[in-house]
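Some notes on the structure that comes next.
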Amino acid sequence: MKWAIVLCAMVALSECLVRVPLIKGKTARESLEEKGLWEEYRKRYPYNPTDKFGYAVGDEQMTNDADLAYFGVISIGTPPQSFKVIFDTGSSNLWVPSVYCSSAACNNHQKFSPSLSSTYKNAGKPLRIRYGTGSMTGFLAYDTVEVGGIQVPKQIFGLSQTEAPFMSHMKADGILGLAFPRLAASGAQPVFNNMVKQGLVDESYSEVIFGGVDNSHYTGAITWVPLSAETYWQITVDSITVNGNVIACHGGCQAIVDTGTSLIIGPTSDISSINSAVGATMNNGDAVVNCKDISSMPDITINIHGHAFTLPASTYLHSQGYSCRTGFSHGRSNLWILGDVFLREYYSIYNMADNSVGLAKSV
């Protein structure tokens, strides 16, 4: 499996690069499998990746993707307190654990201590982020947040007081959302938008890059895809094909480009069609193939805005002993999610100035 970095950039026109290196850690699933707890865990906390895309503003739903592996380090407060966060283009809030949280999920993660920061201010507003398998509750506060060397004073963020049990198995401490402001729970201003508002980056002539990438990390031209909705980073996919034959997304479909989801998610019938086309069979909830067959397995092509984005078998399979599981899983809606299986292969740019997503082949 090729482990290129999960790319995430918020751009207008490129003149300066501000970098946050992304780190690949052990996933919650890998940790649980090592302890022999994965089967029990998946039954207790069933994974529904589309939960996070069905909420009303102010009551944000998220989900427990146990295969997420990438995170970056930011700091909050004066002096700075460091946190590992998932940079998530599928949500809009920044939140981290607090010293007021005694949940198991908080006790094995870094906690923010307001008393240690001279620039901290309580916002006096509660925060509740509802998960598919539980919830995070807490409150909002203001403090200086540093991302990639840029200090954002008076940034609003969430501090957890309770967290869902599955978070105890995640490497990251919290989440930094990169979707649009209208999706933020409790009306909290997202970090990147606050950077622009405070003049820390120019809306027209600079870019903030999460992942430490530049034009040496992609090849060929960038395909700019207009957003079909200005909430998530939502685009229109034309079709999904194998050897030129449409096997899914017939007549077009809606997809969210999401760094906070590890797999490619789609409707049940379409995902079954894709897994069947690559010769996968179901085994205890996973679509699996024999790892020895990778060289003979077909490419999957996702056609977007008139351009073909091809995924060879080496990119959509993950080895687990003698078998390999595919990176295609079903959700509970007609919405598609292009997660890390897609984003490891294609450099992605999230352009708020032009409301578009840029995609190019990563190297």
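The values are calculated or read from the model by the stated rules, or taken from the named source; none is laboratory data. Worth saying up front: this structure is predicted, and the values here are computed from it rather than measured. For neighbour counting, all protein chains shown are included, and Cβ atoms are generated from backbone atoms with ideal geometry for every residue, glycine included. Side chains are part of the model used for accessible areas, which takes the heavy atoms of the whole protein and leaves out ligands, DNA and RNA. Shrake-Rupley method; radii C 1.70, N 1.55, O 1.52, S 1.80 Å.
Evaluate segment 203-223: report whether one residue or more is in a loop (DSSP other than H, G, I, E, B), modelled with pLDDT of 85 or more and either open to solvent by less than 60 Å² (accessible area, probe 1.4 Å) or of a type outside the set (Lys, Arg) (or both).
No - not one qualifying residue is present in segment 203-223.
Can you tell me which condition SER295 does not meet? The list is (1) open to solvent by 10 Å² or more (accessible area, probe 1.4 Å); (2) within 30 Å of LEU176 (Cβ to Cβ); (3) out of contact with any strand residue (DSSP E or B) (no Cβ under 7 Å at 6 or more places or on another chain), and all the others hold.
If we test SER295 against (1) open to solvent by 10 Å² or more (accessible area, probe 1.4 Å); (2) within 30 Å of LEU176 (Cβ to Cβ); (3) out of contact with any strand residue (DSSP E or B) (no Cβ under 7 Å at 6 or more places or on another chain), just (2) comes out false.
Among the residues in segment 251-259, are any surrounded by fewer than 17 Cβ atoms within 10 Å (Cβ to Cβ), hydroxyl-bearing (Ser, Thr, Tyr) and out of contact with any Pro (no Cβ under 7 Å at 6 or more places or on another chain)?
no
In segment 94-115, how many residues are hydrophobic (A, V, I, L, M, F, W, C), touching a residue at least 60 places away in the same chain (Cβ under 8 Å) and surrounded by fewer than 16 Cβ atoms within 10 Å (Cβ to Cβ)?
Result for segment 94-115: 1.
Out of curiosity, is ILE294 under 30 Å from ASN193 (Cα atoms) and touching a Leu at 6+ places or on another chain (Cβ under 7 Å)?
Spelling it out, it is not the case that ILE294 is under 30 Å from ASN193 (Cα atoms) and touching a Leu at 6+ places or on another chain (Cβ under 7 Å).
So which pairs qualify, if the first residue must be in segment 121-135 and more than 10 Å from ALA185 (Cβ to Cβ) and charged (D, E, K, R), the second must be modelled with pLDDT of 70 or more and in a strand (DSSP E or B), the Cβ gap must be under 6 Å, and the two must be at least 6 apart or on different chains?
LYS121/TYR142; LYS125/LEU140
Working only within segment 234-255, note down all residues that are more than 25 Å from LEU178 (Cβ to Cβ) and without any contact (Cβ under 8 Å) to a residue 24 or more places away in the chain.
Correct list: GLY244, ASN245, VAL246, HIS250, GLY251, GLY252.
Filter segment 148-173 down to the residues that are open to solvent by less than 50 Å² (accessible area, probe 1.4 Å), assigned to a strand (DSSP E or B) and either at pLDDT 90 or above or farther than 16 Å from VAL85 by Cβ (or both) and list them by number.
VAL152, GLN155, ILE156, PHE157, GLY158, LEU159, SER160
Over 24 Å from SER276 (Cβ atoms) and of a type in the set (Val, Ile, Thr): does that describe ILE349?
Yes; evaluated as a whole, the condition is true for this residue.
Give SER91, SER118 a once-over and let me know the one that is assigned to a loop (DSSP other than H, G, I, E, B), touching an Asp or Glu at 6+ places or on another chain (Cβ under 9 Å) and either open to solvent by less than 10 Å² (accessible area, probe 1.4 Å) or over 21 Å from ALA184 (Cβ atoms) (or both).
One residue alone meets the criteria, SER91.
Residues are listed down the side, and each one gets a yes or a no for (1) in contact with a Leu (Cβ under 6 Å, 6 or more places away or on another chain); (2) surrounded by fewer than 20 Cβ atoms within 10 Å (Cβ to Cβ); (3) at pLDDT 95 or above; (4) aromatic (Phe, Trp, Tyr):
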| site | (1), (2), (3), (4) |
| --- | --- |
| GLY285 | no, yes, no, no |
| ASP299 | no, yes, yes, no |
| ILE302 | no, no, yes, no |
| HIS305 | no, yes, yes, no |
| THR315 | no, yes, no, no |
| ARG325 | no, no, no, no |
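So ARG128 fits all but one of (1) open to solvent by less than 40 Å² (accessible area, probe 1.4 Å); (2) assigned to a strand (DSSP E or B); (3) modelled with pLDDT under 95; what number is the exception?
Among (1) open to solvent by less than 40 Å² (accessible area, probe 1.4 Å); (2) assigned to a strand (DSSP E or B); (3) modelled with pLDDT under 95, ARG128 violates only (1).
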